[in-house]
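So the structure is just underneath, and the comments pick up after that.
Values quoted throughout were computed directly from the atomic coordinates according to the rules given, and no laboratory measurement underlies them. Everything numeric here is computed off the predicted structure, so don't read it as measured data. Using ideal geometry, Cβ is built from the backbone for each residue, glycine included, and neighbour counts are taken over all protein chains shown.
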Amino acid sequence: MSLAIGPYALAGRALLAPMAGVTDPPFRELCSQFGAALTCGEMLSADQSLWQSPKSARRSAARAQQGRTAGTALAVQLVGSDPAQLAAAARAQVAEGADIIDLNLGCPAKKVCNRLCGSALLGDEELIARIFEALVQAVAVPVTVKIRTGPDPQRRNATRIAQLAERSGIAAIAVHGRTRAERFLGEAEYHTIREVKAAVRIPVIANGDITTPAQAHAVLAATGADAVMIGRAALGAPWIFRDVNSFLDLQENAPPLLRASVTGFILQHLESLYAFYGEYTGVRMARKHLVRYSELRAESRALRAELLAAEDSASQYALAERAFASGAAAADLQ
Ligand SMILES: Cc1cc2nc3c(=O)[nH]c(=O)nc-3n(C[C@H](O)[C@H](O)[C@H](O)COP(=O)(O)O)c2cc1C
């Protein structure tokens, strides 16, 4: 069963979750290459007075065009609380090339830019309804929303919010199986996501703690959701989308990637980080990915220290090339 968000028919059922500080255009491009059917940018404040900052500017649709993989829809995620401000921001992002506007109602931070937003709004259904309507009226492209299951375990209102979303013309809803109060503690639960799926006809995307292909399959089966969204498990392992797609399509594991191709992907990732951020920030952004990639290797501690010490792109790249091309056998890389 294929998933469509508005006019965009997605080529698979595994999507990349938005992660601030991680899902920049280089990482999204890599995940798309491995079969992530949709990737979403890092949250961008709806307050346009902040868009001149280098960080916000990098999150805009105009910059995201740079790392775009042909044939994939460009989703920009907005965070805010004022319906008119969000509507104006959505219009501006669509004018810059966004194909999908996603609304962040899942971020656990109390305030982003000194205003309540993200999952802090989950308790205010009346405001959420006004935001949905303002966004859907503001733009002709699909508007999607990402929520948690509710403000806290005593108030799991995800189903009512999903129904509000459907009534307002929201095109799809992603649900992280934790409440706002739970932050990232404990384990995600999928029972509420199953209830959401049963209550609406718009596509429902299940998110939270999905780390293996078999688990992705199990979550789809348990919830009836249309797709899974994977966040943290993709960091250091963007090929998880290839593995999940293979498992969902054929019920079998994909053959392990060859060491040479893993090394090639890591180096390609470094090159696109340097190109996107420039030398100074590129080297620093690359570090967090290299730390995660170094976990592929048995001697990861020593390797991590060495990779983190590199101060310029040429030495960082050369170290990575040596480190990932030598040492453990190919099977160790999976
Ligand atoms: C470092 C980090 C940054 C995140 N940033 C965002 C964000 O910008 N927008 C958002 O909706 N969710 C954000 N999230 C939440 C993820 O999208 C996702 O819902 C959560 O990590 C659970 O999925 P996972 O278990 O697959 O990681 C972030 C999560 C992490 C770990």
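Just want the ordering: Arg304, Arg178, from fewest to most Cβ atoms lying within 10 Å of their own Cβ.
With the sparsest Cβ surroundings first, the list reads Arg304, Arg178.
Please compute the contact order of the stretch 259-333 in relative form: average sequence separation of alpha-carbon pairs under 8 Å and at least six residues apart, divided by the residue count, as a percent.
So the answer I get is 40 percent.
May I ask you to compute the full-extension gain from Ala95 to Leu116, defined as 0.36 nm times their residue separation minus their alpha-carbon distance, rounded to one decimal in nm?
Extra length from Ala95 to Leu116 when fully extended: 4.9 nm.
Can you count the Lys pairs in the chain with C-alpha separation below 24 Å, eight or more apart or on different chains?
So the count works out to 7.
Using the Cα centre of the chain as origin and beta-carbon charges of +1 (Lys, Arg) and -1 (Asp, Glu), tell me which of Gly169, Gly282, Thr72 is placed farthest towards the positive end of the dipole.
Most positive-ward Cα: Gly169.
Along each principal axis of its Cα atoms, how long is the stretch 259-333 end to end? Whole angstroms, biggest number first, please.
Principal axes ranked by extent give 33, 23, 17 Å for the Cα atoms.
Treating only the Cβ atoms of Lys and Arg (+1) and Asp and Glu (-1) as charged, compute the dipole magnitude of the stretch 4-250 about its Cα centre; round to the nearest 20 debye.
Approximately 280 debye in magnitude.
When the Debye formula is applied to the Cα atoms of the stretch 157-239, each taken as the same point scatterer, what base-10 log of I(q)/I(0) results at q = 0.13, 0.25 Å⁻¹?
Result of the Debye calculation: -0.39, -1.22.
For Lys55, Lys197, what's the fewest-to-most ordering of other Cβ within 10 Å of each Cβ?
Ranking Lys55, Lys197 by Cβ neighbours within 10 Å, fewest first, gives Lys55, Lys197.
Efficiency by 1/(1 + (r/R0)^6): what FRET value for Lys55 and Gln33, r their Cβ-Cβ distance, R0 = 25 Å, to the nearest 0.05?
About 0.50, to the nearest 0.05.
Given charges of +1 on the Cβ of Lys and Arg and -1 on the Cβ of Asp and Glu, with all other atoms neutral, how large is the dipole of the stretch 180-308 about its Cα centre, in debye to the nearest 20?
340 debye
For labels at Phe184 and Leu308 in the simple 7 Å Cα→Cβ model, what's the distance in nm?
Taking the simple label geometry, Phe184 and Leu308 are separated by 1.6 nm.
Val139: net charge of surrounding residues, Cβ under 15 Å, Lys/Arg +1, Asp/Glu -1, itself excluded?
That sum, taken over residues with Cβ under 15 Å, equals -3.
Could you tell me which helices of the chain pass both thresholds, a Cα extent of 24 Å or more along their own axis and a mean Kyte-Doolittle hydropathy of at least -1.0, with helices taken as whole DSSP H runs?
TM-like helix candidates: 259-277.
May I ask you to sort Arg287, Arg183, Arg242, Arg148 by Cβ crowding, counting other Cβ atoms within 10 Å and putting the fewest first?
Arg183, Arg287, Arg242, Arg148
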